[in-house]
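Values quoted throughout were computed directly from the atomic coordinates according to the rules given, and no laboratory measurement underlies them. Keep in mind the model is a prediction, meaning the values are calculated, not measured. Using ideal geometry, Cβ is built from the backbone for each residue, glycine included, and neighbour counts are taken over all protein chains shown.
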Amino acid sequence: MKNINDLSAIEFHLNKLLEAVSSNGEKELSSSTTQSRHIHWTSFIEWCEKFDFHPLPTDEYTYCLYMTYHLFKGSKVHTLKKKIQAINWTNINAGFNCPFTINVQNVWREILRIQNGVLDHKLPLVFEILSIITRYSIPDSLSGKRDRAIILIGYYGALRRSELSNLNFENIHLSEYGLSIELFRHNDSIPSETVQIAYSIEERICPVRSFCSWKEASGLKLGPVFRPINLHSHISDKKLSDKSVALILKKHLSVIGIDDNLFSGHSIRTGLTVSALINSELSSLLQKRHKPNDKLMKRYKINTDLFSDNAAKDIGL
């Protein structure tokens with residue numbers, strides 16, 4: 001009997017001990033979770049302030065762009081999950097509906113697919129990232145005017161790096177409708193094709209206005225359109241190399257905190273392809289220039305789900 005009572009007492013005290021340990025663990029976890037949520041929510045607020053978004057209540061577009069921004073920045077799934085938890089909890093705690101809607105969940109699923117190795121090539125420069133670059137990364141300096149013209153003309157014209165590098169002023173014609181660019185292959189004297197680039201409604205992302213601004217600032221009228229510029233703002237007589245085109249894009253991606261290793265010079269051209277798959281207004285523009293084959297369409301289709309049905313409806317054209 002004594003043994004039984006002893007065993008009961010031991011069991012009783014053991015249960016009490018386990019309850020105490022469990023209770024302390026929950027308190028510690030709660031404190032750690034609260035701190036994590038505070039850190040990630042503060043980070044989200046800072047991001048919203050930097051890019052002029054409203055953090056609370058969190059809308060779908062802001063939510064999706066924030067997640068894809070951090071995907072392009074190189075954040076891992078574990079970190080993204082903590083950011084999602086912080087955003088969801090803060091909205092609900094403030095009395096708003098949970099912002100993790102079906103559309104946001106679709107974006108999250110595509111991010112998981114990419115993180116699991118589905119994406120094995122460089123990312124395209126989608127319009128949302130292009131918009132952030134032109135707004136926050138490119139200065140209004142001489143080199144900034146050149147860089148803006150390179151990126152916007154390359155994007156809206158779906159031009160290759162080599163085509164941007166080989167552009168000459170003699171082959172670009174300005175009219176009330178926009179730019180008409182003659183492209184040449186190798187040493188051909190007759191253009192292989194002509195690319196039409198129209199004005200954009202928004203001046204900041206207008207390829208035509210950016211070209212005019214660069215031309216006026218540089219004072220150039222003949223020869224290579226895009227050239228190296230040294231630290232003293234001296235413009236070279238030589239053309240900019242196609243490798244430099246890629247480096248310029250990477251530089252401005254780094255400025256806004258995005259992992260430039262995920263992109264290449266080819267990202268400028270493929271950006272139009274992917275954005276056209278998302279937005280019908282761009283589709284007709286794409287048909288006029290480098291219509292992608294089925295293999296290319298399939299290769300980049302995965303990226304369209306990151307923005308379709310939930311991101312910006314106005315592409316800015």
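Side notes on the structure shown:
- Solvent-free Debye scattering, log10 I(q)/I(0), computed from the Cα coordinates of segment 56-137 at q = 0.20, 0.21 Å⁻¹: -0.97, -1.05
- For segment 155-164, backbone phi angles converted through the Karplus equation (6.51, -1.76, 1.60; θ = phi - 60°) give residue-by-residue couplings of 6, 6, x, 6, 8, 6, 4, 5, 5, 5 Hz, Gly and Pro being listed as x.
- Under the Debye formula (equal points on every Cα, no solvent term), log10 I(q)/I(0) of segment 117-262 at q = 0.16 Å⁻¹: -0.87
- Local electrostatic count, residue 99, Cβ distance below 9 Å [Lys/Arg +1, Asp/Glu -1]: -2
- Measure of compaction for segment 96-178 (Cα Rg per 2.2 N^0.38 Å): 1.55
- Kirkwood-based shape ratio for segment 179-272, expressed as Rg/Rh from alpha carbons: 0.97
- The Rg/Rh ratio of segment 43-92, with Rg taken over Cα atoms and Rh as the Kirkwood radius over Cα pairs, comes to 0.93.
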